[in-house]
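The values are calculated or read from the model by the stated rules, or taken from the named source; none is laboratory data. Note that the structure is predicted; figures quoted are calculated from it, not measured. Here the Cβ positions follow ideal geometry from the backbone for every residue, glycine too, while neighbour counts run over all protein chains shown. Protein only, heavy atoms only, side chains kept; ligands, DNA and RNA dropped before computing areas. Shrake-Rupley method; radii C 1.70, N 1.55, O 1.52, S 1.80 Å.
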Amino acid sequence: MINKGIILKIDWLTVFIYLLLVLFGWVNIYSSVYNEEHKSIFDISQRYGKQLLWIIIAFAIIIFIFLTDSYIISSLSYFIYGITILMLILVFFLGEATHGSHSWFKIGDFKIQPAEFAKFALALAVSKYMNKENFELMDLRNFATVTAFILLPFLLILLQGDAGSALVFIVFILVLYREGLPFMFLFILFLTIIFFILPFKFELYGIFLFFTAISILFFLLISKKYKETLKIFLIFIGINLIGIAVLLFNVAEIPFHLIISVSTIIASIIAIFYSLKKRINSALIIAVILISSVFYVYSVDFLFDKLGSHQQKRILVFLDIIQDTKEAGYNINQSKIAIGSGGLTGKGFLKGTQTKYNFVPEQETDYIYCTVGEEWGFVGSVSVILIFTLLIFRIVFLAEKQRSTFGRIYGYSTAAILFFHYGINIAMTINLAPSIGIPLPFFSYGGSSLIAFTILLFIFLKIDTSRNEIL
Amino acid sequence: MEIKKIILSFIVLFTALSYIVKLYSIQIVESKYKLSADNNAHRYVTQYPARGTIFDRNGEMLVFNQNVYDLKVIPKRLSAFDTLKLCELTGISKSKLIDILNIKQSRYKTITILKQIPSEQYAVLQEYLYRFPDFYIETRSVRVYPKPIAAHLLGYIGEVNEKGLEQDKYYRMGDFTGITGIEKSYEKELRGKKGVKIYLVDVHNSIQGKYKNGKYDTVAIAGHNLISSIDAKLQEYGEQLMQNKLGGIVAIEPATGEILSFVSSPSYDPNLFVGRKLSKNYNKVANREYRPLYNRALKSQQPPGSTFKPVAALIAMQEGVIDANTVMNVNGYNTGTHIVNDHISGAVNLQMSIQYSSNAYYCHVLKRTLNDEKFNSIDEAYSNWKQHLHSFGLGVKLGTDIAYESKGLIYPASYFDKYYGKGHWNHNTIISLSIGQGELGFTTLQLANMTATIANKGYFITPHIIKKITGKKIDPKYKHKRYTKIKEEHFYPIIDAMEKVVYAGTARRAFIPHISICGKTGTAQNPHGDDHSIFIAFAPKYRPKIAIAVYIENGGYGSTWAAPIASLMIEKYLTDSVTRHKLETKILEGDLISDKK
């Protein structure tokens, strides 16, 4: 039961931030879909009225969460995860298809998206699994299990055709990093993204030359073997010269990037042998990464072809390779116009012309940040970023205070999921990321997302009230 | 552990910071997004003012605006409607209506179902419009000419061209502007001032409301109404008389310079050039025989023939080379190379020279004028003579308010110097000028103005066609008297002689009982065909009310066609009726175009 004790233990700062986001979100939804004929923000026939309904339901759920026992939550973790996975499977057969993805259950007038609930379910399951004494993440079995936990919903959601929601699970890498995953994994993820983008913008041989140069430099710094480094470097140059000679004398038609990449690979292989012999592990890793990079870069085209055509277009628009303000680039262009036209203090509540006249599609859901940008200007937009940043830091701060590993990992998961969502959502509205359709937490219109994020956050706050207990 | 926290914090903070930088750049630094948003959301709808109405001198409308109605619809907004009734009301067949509605374009784009519905049909349609709530009416106005007269004068309006767009920033593509006639010369007065309504529009470009409640909207201001000096009845009569004849009639009120009638024949029905009909009809009309679009009375420069003689006499009197009593013994005039024929011979005085139109008399007049001892050379004498003509408005642009007037033709002395060599020409070389032939060309307007100058005994007021502009003063130059250098006293004998021309001279056919008409016939030789028939006249002799010039191309003697036409016009204007029906019928039936073929 809620008693004075628990009320004192609740982190009211987080609750306050939550309320701030939810209410500001609601006001912006009102503005986004404002209808002259239904001026009341409470009008249930309009989306703002419906959102209020969701907010009330969310509040009820909050009370319910505070009423349950943290221990019960902890012990139901796998069950909840299981149910969610089941729902994700069922949605294939019973779901409604919208926007090309098969990810909604329709119950009467309401639609529920199980993918939204998969996030906190996964957070619970991962936290539960890792909540063991002396849990060693890098133990192969443990690592495999955790990876499986993450991959299962990821793949199911991907199969539903909702790539955006699926990508969210990548963010668990940050949680795992906190729990012992080597930095190398973050670095590889980073390289994966970089190498995906670079071939669109630069010539292949340039990319190879640049990274080979950097790798040789690192190799030199780490191994401190000047002679050997010089040898490898000379081999690299030598093979290049042969290749260039072949080109010059018209013996064969070889693309220039192929000469560079082949010499890079050969030089790397030599470096690997050398590293193995001398037992310089870090140098070995550099060489391996370099080789993988070369192959990866060559496969980007292939990977890109695997994407759906509208996903391809969104990426090309983001990379500014196609300038299309009519179709694929329409959203992002209008979104930028909406935000950019806000100026310092915005056009004022209900005064946004982009917003009011529906220039930005899906503005009350995925593009709600446009309304903030247009009507509340730089001041409003930056405030939202700062509030989210504050919320994330607050959750991390609380997570670190948990006595139980379960609480800590769950806290980090909560922070990571919110970070990814807010980060990607805002990034896509200002064209810092390709258009990935995921909602802005607590802000965007939609019951599933509001309730799922509320549950995610308040389970953590509930756990936090018993932070001194071992769950 | 600490390093991990720092890296994680860095990731979160770096993200936030890069977003803030990006926001700063698009929201604060760049202004293009603001402009794009405005362009997205504002629609400027021009409010077109009503173009000014033009009245005749008696308040009769010459041209006014009539509203026509376009029935429009946005297909996307269209719900089921009574197709049959709409077809009945608009007179469009059902299959055509379906074709119109299914036109291949954005469903959000307005479609015009029926264009320029006249007001009578609209009145019926309006009653039932409530049953078609998805359709709406857009009002436009077109020019309407109650009588098909004065086409050349009134001119027409059409879409402004690229040059017009460049020259005057008032215009936008698709705006209408005066192309010719009054519509052109009074464009600035007639057009009024456009207003603008600013609307907010949504992504489909449909109107959502007024921008700032219409705070920045401006109202269209209607154009000024013009009161023309034209007498519609006289104009209509003149056009009737000129049917099947080439040429022009210009009648001026001498005391004011107001143009009473301005006929150029052939003409066309101005209603042919209204609205959309312009593009359809323009080429058809322009390519008709004898180019009806060409304003002959304003632009065609023709030799004045003997109508020039009164002015030649006046100049000679002013220069003192002849006087009212100068008598000459004439029997043709020998230039040395050929003889100028004459209608009379023997002793001819000034009055007779005009009354019977003596050619030889005026050859001598020119000889005396050009060999005047006051001047050092023939060049000087000729230039002085030319200056006199200019003071009558001949050979210069009068500055009338009808656009595109011609200057007329009087060559400068230097032309003859160049053509014949300096010192190698004399009065005999250019003797034909003395009788209004050769290197002289005046417009009918100039001839009418010359006549008005004689009627005024020495001055004229720039002939003009607009006597009043509501809410605005007319150009003061249309009040200003322009004097010739001829003393008033010299005019009396000339005017007396001109009276005799009609009473007992070459133009007895122009005689009207009880009205004293002073006139002068002219017959201009035309190397391309029959002579041109010319007549100038003013009446009554005392306090003249009308000065008129009639130029009938290929009409033969001045007395045959031009004189009776002028006479009928004078009678019509002064008495408001015509009593000489026989003469009238003969003129009306006279066909100088078909007869030639």
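Values computed for the structure shown
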read-out	value
Exceeding the 29 Å Cα-Cα cut-off - candidates B:LYS193/B:LYS473; B:LYS115/B:LYS245; A:LYS336/B:LYS72; B:LYS386/B:LYS487; B:LYS115/B:LYS197	B:LYS115/B:LYS245; A:LYS336/B:LYS72
Nearest 10 degrees, 0 to 90: helix A:204-223 Cα axis against chain A principal axis	80 degrees
Chain B - percent relative contact order, Cα under 8 Å, separation 6 or more	14 percent
Relative contact order, percent, region B:313-466 [alpha-carbon distance under 8 Å, six or more residues apart]	21 percent
Residue-wise HN-Hα coupling along region A:407-418, computed from phi with Karplus coefficients 6.51, -1.76, 1.60 (Hz; x: Gly, Pro)	x, 5, 5, 4, x, 4, 4, 4, 4, 5, 5, 4
Lysine pair number, Cα distance threshold 22 Å (strictly under), region A:201-306, separation 8 or more or different chains	9
Share antiparallel - DSSP beta bridges, the protein assembly as shown, percent rounded to 5	95 percent
Solvent exposure ordering (accessible area, 1.4 Å, most first) of A:LEU440, A:LEU258	A:LEU258, A:LEU440
Dipole of region A:201-306, positive direction: furthest Cα of A:ILE270, A:LEU221, A:LEU258, with charges on the beta-carbon	A:LEU221
10 Å-binned pair-distance histogram of chain B (Cα, whole percent)	3, 14, 21, 18, 13, 10, 8, 6, 3, 1, 1, 1, 0, 0
Fraction of alpha-carbon pairs over 19 Å apart in region B:65-143 - percent	33 percent
Candidate lysines - alpha carbon under 20 Å from A:LYS9, same-chain residues fewer than 8 apart omitted	A:LYS401, A:LYS462
Where the protein assembly as shown is the region considered: accessible area per residue in Å², 1.4 Å probe	46 Å²
Rounded to whole Å, sorted largest first: equivalent-ellipsoid semi-axes of region A:87-202, Cα gyration tensor	29, 22, 10
Nearest-10 value in Å² for the accessible area of A:TRP376, using the 1.4 Å probe	80 Å²
When each of B:LYS147/B:LYS479; A:LYS111/B:LYS104; B:LYS169/B:LYS210 is checked by Cα-Cα distance, pairs over 32 Å	A:LYS111/B:LYS104
Sequence ranges B:225-234, B:356-365, A:212-221, ranked by mean other-Cβ count within 10 angstrom, highest first	B:356-365, B:225-234, A:212-221
Carbon + sulfur, % of accessible area of the protein assembly as shown - ligands and nucleic acids excluded, 1.4 Å	59 percent
Radius 15 Å from Cβ of B:LYS163, net charge of other residues (Lys, Arg +1; Asp, Glu -1)	-3
Distant alpha-carbon pairs in the protein assembly as shown (separation over 46 angstrom), percent	58 percent
Per-peptide average of other Cβ atoms within 10 Å, ordering A:343-355, B:157-169 highest first	A:343-355, B:157-169
Chain A: relative contact order in percent, alpha carbon pairs under 8 Å with at least 6 residues between	23 percent
Long-range amide H partners of B:GLY209 with built H, under 5 Å	B:LEU200
Helical segments meeting 30 Å axial Cα length and Kyte-Doolittle 0.5 threshold in chain B (DSSP H)	B:2-23
Shielding by partners - mean other protein chain Cβ count within 10 Å, residues of B:20-30	6
Mean shadow area of region A:201-306 over all directions, Cα convex hull, nm²	7.4 nm²
Cα centroid separation, region A:307-385 to region B:272-286 (Å)	50 Å
Between region B:20-38 and region B:493-568, the Cα center-to-center distance that results, in Å	79 Å
Aspartates and glutamates with Cα under 14 Å of B:LYS374, excluding same-chain neighbours fewer than 8 positions away	B:GLU319
